[in-house]
Amino acid sequence: MIVHGSVAVPGDKSITHRILLLAALAPGRSRLRGALTSLDARSTARVLRQLGVRISPLRSGAPVQVVGARRLRRPSTALHCGNSGTTARLLLGVLAGHRFPAILTGDPSLRRRPMRRVTDPLSAMGAKFVGSTPDLLPIEVRGGPLFALQYRLPVSSAQIKSALLLAGLVGSVEVRLREPNGLSRDHTERLLRALGYTVATEGGWIHFSPDSTPTPLDIAIPGDTSSAAFLVGAAVLADGGALRVEQVGTNPTRIGFIDVLRRMGARIEVENEVDRYGEPVGDLIVVPSDLHGTTVLAGEIPRLIDEIPLLAVLASRAKGTTTFRDVGELRVKESDRLALIAANLRTVGVRAEVNGADLFVEGCDRPPRGRVVTEGDHRIAMAFGVLGTTRRAKIQVDNPSCSDVSFPGFWYALQRMRGRK
Ligand code: S3P
């Protein structure tokens, strides 16, 4: 495949969730441009509407209007978060500081994902949680006045961190947090700073001391780095040409995959970098390249957690073995990604194995062929979709439309970036 031209990707998922939540808590009218309109973003908008927030329909290309209020309203039915872990966990933080009960639930994948990592520290702040299985949705949250919190996170996780920062904001209490294994994505901290709050970092601790109500936002959301990563990956594997992915987030806590790909021999440049509301944004220019194996260290994982399915399929086309250290967190994503990545790679003819929490992928140049089982996991579908663009590949993805969870139009974008053979 030859790649050519410029592509744009939909708005950033993590930032869209956070801005919808912050706009919901800001009395007045906010205006969001470039918001993601995927299924996950719609889940956040839907549950916020149930909580009394007026949000215009999420339509691609149209700005989203949010009319927020200082307090959310008691919902009359359960809040269904669909497939979205970020919606569920961040909302638990927001609702912990509200004096009404609310039930959160989700689709079968989300109902299998651990929630105690968020409900334990929120309980220490004073919120109560009731559910038949304490770690799993459905959970009823009974919020109220909160205490300040000083807390060491058991895993580096932006969802835990953000849930606790949002609880601090809603409850007007101080929050001090520390992540064990490097900084996870810091969009919440950056957005809070853009809203005028002080979020200090010192000696590995994040310190947030909220002192006011959020104000409405008028903000443009950058292209999603994690969606861009799939197109970058397809361009790296191509036979010639060059691809520009326009105006995507280049926040250092998100671009660990670029560092790893460069180490593997990929040629990726960042151009036209600008600052948008505290988030760096730029164009990624990718030239197809031969790859060689590498070791991805535990300390690098939080900065590329969502790109491991993609990096693993790229590793399968590299010379030598690639090792991903300490990637046990993949077991509790939208699917057991660790098992699915290895099993699907083996299905398409690649040697891959999991040993403890480490993943090993051996590169080869046989054309990958076989039927990929996604279990409805968007990133598994897109990663193997990228592998399917390699010469003489024959990959069938069992549920291609699950990419709509984060990247509506993915298959079209992948098709469009191809030039002549
Ligand atoms: C996200 C944080 C990460 C990531 C997820 C989005 C966020 O999850 O995998 O896709 O927006 O905060 P963890 O916090 O569980 O690592």
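On the stretch given as segment 126-156, residues that are more than 19 Å from PRO214 (Cβ to Cβ) and buried (at least 22 other Cβ atoms within 10 Å of the Cβ) total 5.
Between GLY265, GLY249, which is farther than 26 Å from GLY320 by Cα and either small (Gly, Ala, Ser) or surrounded by 20 or more Cβ atoms within 10 Å (Cβ to Cβ) (or both)? Working first, answer last.
Working: GLY265 fails: farther than 26 Å from GLY320 by Cα.
Only one candidate qualifies: GLY249.
Filtering segment 214-252 to residues that are closer than 23 Å to ALA194 by Cα and in a helix (DSSP H, G or I) leaves THR225, SER226. Could you check TYR277 against (1) more than 17 Å from the chain's Cα centre (by Cα); (2) aromatic (Phe, Trp, Tyr); (3) at negative phi and say which number it fails? Evaluating TYR277 over (1) more than 17 Å from the chain's Cα centre (by Cα); (2) aromatic (Phe, Trp, Tyr); (3) at negative phi leaves (3) as the failure. Does ARG392 satisfy the condition of being in a loop (DSSP other than H, G, I, E, B), more than 23 Å from ASP107 (Cα to Cα) and touching a strand residue (DSSP E or B) at 6+ places or on another chain (Cβ under 9 Å)? For ARG392, the condition - in a loop (DSSP other than H, G, I, E, B), more than 23 Å from ASP107 (Cα to Cα) and touching a strand residue (DSSP E or B) at 6+ places or on another chain (Cβ under 9 Å) - is met. Would you confirm whether any residue within segment 155-177 is in contact with a strand residue (DSSP E or B) (Cβ under 6 Å, 6 or more places away or on another chain) and over 15 Å from VAL94 (Cβ atoms)? Yes - at least one qualifying residue is present in segment 155-177. Name the residue that is farthest from ASP224 (Cα to Cα), counting only residues in segment 299-326 that are more than 16 Å from the ligand (Cβ to nearest atom) and in contact with a Phe, Trp or Tyr (Cβ under 7 Å, 6 or more places away or on another chain). Among those residues, the one meeting the criterion is THR321. Looking at segment 70-83, is at least one residue touching a Pro at 6+ places or on another chain (Cβ under 7 Å), farther than 30 Å from ARG267 by Cα and modelled with pLDDT under 95? Yes - at least one qualifying residue is present in segment 70-83. Within the set of pairs 6+ apart or on separate chains, which have a first residue in segment 312-334 that is in contact (Cβ under 8 Å) with a residue 24 or more places away in the chain, a second that is among the hydroxyl-bearing types (Ser, Thr, Tyr) and more than 15 Å from the ligand (Cβ to nearest atom), and C-beta atoms under 6 Å apart? Short answer, once both residue conditions are applied: ALA315/THR322; THR322/THR294; THR323/THR295. Figure legend. Inter-residue proximity from segment 179-198: first residues in contact (Cβ under 8 Å) with a residue 40 or more places away in the chain, second residues polar (S, T, N, Q) and away from the ligand (no atom under 12 Å from the Cβ), beta-carbon distance below 7 Å, spacing 6+ or different chains. Indicated pairs: LEU195/THR215. The single condition among (1) touching a Pro at 6+ places or on another chain (Cβ under 8 Å); (2) within 27 Å of LEU297 (Cα to Cα) that ILE258 does not meet is (1). Out of ILE308, ILE268, one residue alone is outside any helix (DSSP H, G or I) and either modelled with pLDDT under 95 or in contact with a helix residue (DSSP H, G or I) (Cβ under 8 Å, 6 or more places away or on another chain) (or both). It is ILE268.
The condition of being touching a His at 6+ places or on another chain (Cβ under 9 Å), surrounded by 23 or more Cβ atoms within 10 Å (Cβ to Cβ) and either within 19 Å of PRO214 (Cβ to Cβ) or of a type outside the set (S, T, N, Q) (or both) does not hold for GLY93.
Only residues that are in a loop (DSSP other than H, G, I, E, B), at negative phi and surrounded by fewer than 24 Cβ atoms within 10 Å (Cβ to Cβ) were counted across segment 2-38, and they come to 5. Within segment 155-172, residues that are within 12 Å of ARG117 (Cβ to Cβ) sit with their Cβ atoms under 6 Å from residues that are of a type in the set (Asp, Glu) and not in a helix (DSSP H, G or I), at 6+ positions apart or across chains, in these pairs: SER156/GLU179. None of PRO138, PRO114, PRO134 is over 19 Å from THR188 (Cβ atoms) and at pLDDT below 95 except PRO134. From the list ARG42, ARG70, ARG59, ARG49, the one residue that fits, being more than 15 Å from the ligand (Cβ to nearest atom), out of contact with any strand residue (DSSP E or B) (no Cβ under 8 Å at 6 or more places or on another chain) and in a helix (DSSP H, G or I), is ARG42. Which of the residues that make up segment 327-357 are buried (at least 23 other Cβ atoms within 10 Å of the Cβ), part of a helix (DSSP H, G or I), within 16 Å of the ligand (Cβ to nearest atom) and not hydrophobic (A, V, I, L, M, F, W, C)? If the condition is that a residue be buried (at least 23 other Cβ atoms within 10 Å of the Cβ), part of a helix (DSSP H, G or I), within 16 Å of the ligand (Cβ to nearest atom) and not hydrophobic (A, V, I, L, M, F, W, C), then ARG337 is the only one that fits. If you check VAL296, VAL361 for being touching a residue at least 24 places away in the same chain (Cβ under 8 Å), buried (at least 24 other Cβ atoms within 10 Å of the Cβ) and in contact with a Phe, Trp or Tyr (Cβ under 6 Å, 6 or more places away or on another chain), only one passes: VAL296.
The values are calculated or read from the model by the stated rules, or taken from the named source; none is laboratory data. All of these numbers come straight from a predicted model, not from anything done at the bench. Here Cβ is always computed from backbone atoms with ideal geometry, including for glycine, and neighbour counts include all displayed protein chains.
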